[in-house]
Structure formats: structure tokens, C-alpha cells
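Contents: one structure, followed by commentary.
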Amino acid sequence: MAELFKKLQWNKKIEILRTMKGWTQEETAEKCYTGQRTYWAWEKGNRYPRKNSRRAISQAFQLNEEEIF
């Protein structure tokens, strides 16, 4: 399962991680210190998070940044 996760694009990873946690996009956005629309754009792959945002995302999901991005 871990190998499959590694092969996914970063935006699919955050969508799966959010779903596994049972969080809404709005809840996840709050945990990542951003707005729901910005988080939605990340999850859809329409926008790539900046360095500080990537750090916040990895902390919210308690993973290393490299594991997601």
C-alpha cells in the first residue's frame, strides 16, 4: 500500500490523507492555515503550495514534506 501511495501525485495524496482523517476541506484548510478555496485548488492540482504552505500541510498530516511532495 505504501508503494502505491508513493506513486500518487501530491494533490491526490492530500485528498486521500484528508479523507482518511475524516476532515472536510474547510477543516483541513484551517489546519493548514489557509482558506477553503485555496485548499480546494491544491487538492485539484490547480495550484502548487508555497514552501510555508507545504510545511503546514505536512505538519497537519504528521508526515515529512518529502513523503507528500
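Please state, rounded to one decimal and in Å, the Kirkwood hydrodynamic radius that the chain gives when every pair of distinct Cα atoms enters the mean of 1/r.
11.8
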By accessible area of protein heavy atoms, probe 1.4 Å, what ranking do Leu4, Leu63, Leu17 get, highest first?
Leu4, Leu63, Leu17
Gain in length, Lys7 to Trp23, computed as 0.36 nm per residue apart minus the alpha-carbon separation, to one decimal in nm?
3.5 nm
Just the number, please: carbon plus sulfur as a percent of the accessible area of the stretch 1-52, 1.4 Å probe, no ligands or DNA/RNA counted.
51
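Please calculate how many Å² of accessible area the stretch 11-50 carries per residue, with a 1.4 Å probe and no DNA, RNA or ligand atoms counted.
67
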If one computes P(r) from the Cα atoms of the stretch 29-69, what percent of pairs lie at distances over 15 Å?
32
What do you get for trypsin sites (Lys or Arg not before Pro) in the chain restricted to DSSP loop and a cutoff of at most 11 other Cβ within 10 Å of the site's Cβ?
Arg50
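Taking K and R as +1 and D and E as -1, what net charge do the other residues with C-beta under 12 Å from the C-beta of Leu4 add up to?
Summing Lys and Arg as +1 and Asp and Glu as -1 gives +3.
The values are calculated or read from the model by the stated rules, or taken from the named source; none is laboratory data. Just so you know, these numbers come straight off a predicted model, no measurement behind them. Note that each Cβ is placed from the backbone with ideal geometry, even for glycine, and that neighbours are counted across all protein chains shown. Side chains included, ligands, DNA and RNA excluded: accessible areas come from the protein's heavy atoms. Shrake-Rupley method; radii C 1.70, N 1.55, O 1.52, S 1.80 Å.
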